[in-house]
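> Here's a structure for you.
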Amino acid sequence: MILHTRVVSGRGGGPEKTILNSPRFLVPFGYDALCAYMHPPADPGFEELRQKARAVDAPLEGIEDRGPLDWRVVRRMVRLCRDREVTIWHGHDYKSNALGLLVRRFWPMRLVTTVHGWVKFTRRTPLYYWIDRLCLRYYEAVICVSEDLYRRCLECKVPAERCTVIENAIDIAEFNTGQFTRRESIRRAKHRLGFNPDRLLIGAIGRLSDEKNFDGLVRVVDRLIEAGLDLELIVAVEGDQQEALQTVVKLLGREDRIRLLGYRSDTIDLYQAMDLFVLSSLREGLPNVLLEAMAMEVPVISTRVAGVPGLITDEVNGLLVEPGDTDSLGQCLRRLLEDAPLRNKLAAVGRRTIEESYDFNPRMEKVRAVYNRLLEN
């Protein structure tokens with residue numbers, strides 16, 4: 001039994017697309033898997049997370065977590081490991097990594113973790129990230145979703161023989177026949193979703209927090225509109241910066257052209273309506289939203305952060321700019337908005353990149369090899 005563990009609030013984030021997809025891909029390899037998520041009591045977003053888990057056949061156990069000193073979480077985890085006869089604990093963040101070291105004192109199991117990135121900065125995160133990096137040294141296998149995270153783990157004194165790069169991926173079967181399939185033209189999708197079919201549509205999806213730099217993207221789009229480009233920006237997904245960003249949009253007088261959509265469960269529909277997708281982040285791991293946009297044949301512009309240059313080759317399957325360089329971002333946006341053949345080329349090559357190199361099944365074969373090696377030892 002593989003136990004995937006993580007701390008979440010609300011609906012979770014990008015790592016859920018990887019974690020919740022994993023159990024069904026492990027079944028053909030002879031592994032059972034369970035996701036055990038620690039979450040605040042009575043968190044309304046957790047029920048939506050349960051629905052996401054059910055949609056991909058991921059067994060999900062909710063564990064109420066009242067904070068760092070809630071020792072009931074430890075007892076619950078120990079009981080869960082004993083009851084399910086867990087053989088491998090697979091942590092996905094600082095708290096699950098620290099808990100794995102503690103729970104193993106009461107139940108024998110192997111320890112694996114995936115490093116998704118240390119990107120969000122708050123008053124507490126420096127301590128949390130320090131704890132996480134300290135714990136990594138004692139894990140038997142450390143999976144990194146990008147090369148830059150691999151290098152950082154080595155800097156944290158994780159032995160190289162325990163560390164491996166396994167990038168995020170997309171379920172190509174779904175991409176070819178299911179939800180990740182373009183079903184209609186961009187113009188028709190815009191009309192159906194209530195956007196102006198004659199106006200170019202830029203899309204961005206992600207947690208509304210400082211590291212995503214949506215404020216910078218909004219100001220770049222404002223300047224492009226001021227310069228006479230007929231375009232619109234939509235930003236989907238909520239976060240702790242939504243009110244502040246909405247204030248910026250209002251002060252700029254762009255409420256009719258820059259729309260903060262909040263949380264949307266229909267992101268696949270949104271991709272179909274986009275003329276291009278932008279990732280403006282200052283810090284990242286390897287974001288699933290880029291994989292999704294490319295799979296949906298949306299041309300992409302991204303900052304050159306973390307694992308992104310391993311996914312995007314500039315001018316081949318997307319365009320890259322330096323993080324925080326709003327002038328370059330504006331130039332790339334204008335260029336791509338005014339060049340339909342380039343958009344079509346990047347969209348086609350981007351889709352091919354996902355098909356050839358970012359399929360979830362080969363990814364899980366690599367994860368299985370990590371599990372097998374530990375159990376054989």
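> Would you please name the residue that is farthest from LEU375 (Cα to Cα), looking only at residues in region 10-27 that are at pLDDT below 90 and out of contact with any helix residue (DSSP H, G or I) (no Cβ under 8 Å at 6 or more places or on another chain)?
The residue in question is GLY13.
> Suppose we filter region 140-155 for residues that are surrounded by fewer than 17 Cβ atoms within 10 Å (Cβ to Cβ) and of a type in the set (A, V, I, L, M, F, W, C); how many remain?
Here the count works out to 1.
> While we're on this one: Go through LEU217, LEU282, LEU252, LEU233 for me and flag whichever is hydrophobic (A, V, I, L, M, F, W, C) and in contact with a Pro (Cβ under 7 Å, 6 or more places away or on another chain).
Matching residue, one of LEU217, LEU282, LEU252, LEU233: LEU282.
> Inspect region 188-201 for any residue being farther than 30 Å from ALA369 by Cβ and in a strand (DSSP E or B) and give the result as yes or no.
Taking every residue of region 188-201 in turn, at least one turns out to be farther than 30 Å from ALA369 by Cβ and in a strand (DSSP E or B).
> Also: Which condition number in (1) assigned to a loop (DSSP other than H, G, I, E, B); (2) in contact with a Ser or Thr (Cβ under 9 Å, 6 or more places away or on another chain); (3) buried (at least 20 other Cβ atoms within 10 Å of the Cβ) is the one that ASP43 fails?
Tallying (1) assigned to a loop (DSSP other than H, G, I, E, B); (2) in contact with a Ser or Thr (Cβ under 9 Å, 6 or more places away or on another chain); (3) buried (at least 20 other Cβ atoms within 10 Å of the Cβ), ASP43 fails exactly one: (3).
> Could you list all residues from region 337-364 that are assigned to a loop (DSSP other than H, G, I, E, B) and more than 23 Å from VAL221 (Cβ to Cβ)?
Listed by number, the list holds a single entry, TYR358.
> Among the residues of region 239-267, which ones are touching a residue at least 60 places away in the same chain (Cβ under 8 Å) and surrounded by 17 or more Cβ atoms within 10 Å (Cβ to Cβ)?
THR267 - this is the single residue of region 239-267 that is touching a residue at least 60 places away in the same chain (Cβ under 8 Å) and surrounded by 17 or more Cβ atoms within 10 Å (Cβ to Cβ).
> Those residues that are buried (at least 21 other Cβ atoms within 10 Å of the Cβ) and farther than 19 Å from ASN168 by Cα, I need them from region 9-40; list them, please.
ALA36, TYR37, MET38
> Of the residues VAL142, VAL119, which single one is modelled with pLDDT of 95 or more, under 30 Å from GLY350 (Cβ atoms) and aliphatic (A, V, I, L, M)?
Exactly one of VAL142, VAL119 is modelled with pLDDT of 95 or more, under 30 Å from GLY350 (Cβ atoms) and aliphatic (A, V, I, L, M), namely VAL142.
The values are calculated or read from the model by the stated rules, or taken from the named source; none is laboratory data. Quick caveat: nothing in here was measured; it's all calculated off a predicted structure. Note that we place each Cβ from the backbone using ideal geometry, even for glycine, and neighbour counts take in every protein chain shown.
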